[in-house]
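Just so you know, all these numbers are worked out from the coordinates, no wet-lab data involved. Because the structure is a prediction, the values reported are computed rather than measured. With ideal geometry, Cβ positions are generated from the backbone for all residues, glycine too; neighbour counts draw on all protein chains shown.
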Amino acid sequence: MAPNKKYALSGEYPVMVGEKSVANQRRYIASLAGPNGEELTFHRRGSCCPYESENGMMGSALVDVYEVMYEGLKEPILLYISFYDEGPLYIPYGFTKRKLN
């Protein structure tokens with residue numbers, strides 16, 4: 001589980017998937033499920049939240065924002081993910097690990 005309740009749910013605590021890879025962002029989201037194992041749907045909403053990074057352009061990087069939904073959810077949940085830097089990957093509060101069939 002995530003080290004704090006804001007992990008991935010705030011631009012201040014983004015998931016750091018690294019390799020400047022959108023595929024890594026999508027793989028990360030695809031590894032998650034809703035709180036009861038619900039399948040997620042998602043799309044990229046845009047970018048926000050600049051932060052200092054040697055891996056970004058001119059010493060700055062942005063965080064991508066993904067809108068995530070699952071059956072029974074009334075409003076989408078926003079996940080904040082950066083592909084510029086790497087870090088430990090955790091399951092955000094309110095999500096579970098997707099079960100492989």
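Brief remarks follow.
- Label reach from Lys20 (point 7 Å along Cα→C-beta): in segment 74-88, amide nitrogens under 14 Å belong to 83-86.
- Converting the Cα gyration tensor eigenvalues of the chain into ellipsoid dimensions via √(5λ) gives semi-axes, longest first, of 23, 13, 12 Å.
- Segment Cys48-Glu75, extension gain: residue separation times 0.36 nm, minus the distance between their alpha carbons: 7.7 nm
- Computed helical MRE - 222 nm, the chain, DSSP H runs ≥ 4 contributing -39500 (n - 2.57), nearest 500: -2500 deg cm²/dmol
- Segment 31-65: GluC sites (Glu not before Pro) falling in loop per DSSP and having at most 14 other Cβ within 10 Å: Glu39
- By the Kirkwood approach, averaging reciprocal distances over each pair of separate Cα atoms, segment 9-53 gets a hydrodynamic radius of 12.3 Å.
- Take the chain and mark each of the trypsin sites (Lys or Arg not before Pro) that is in a DSSP loop with at most 11 other Cβ atoms within 10 Å; the longest unmarked stretch, sites excluded, is 1-73.
- Spacing of the two label points (7 Å from each Cα toward its C-beta) at Met1 and Thr41, in nm: 3.0
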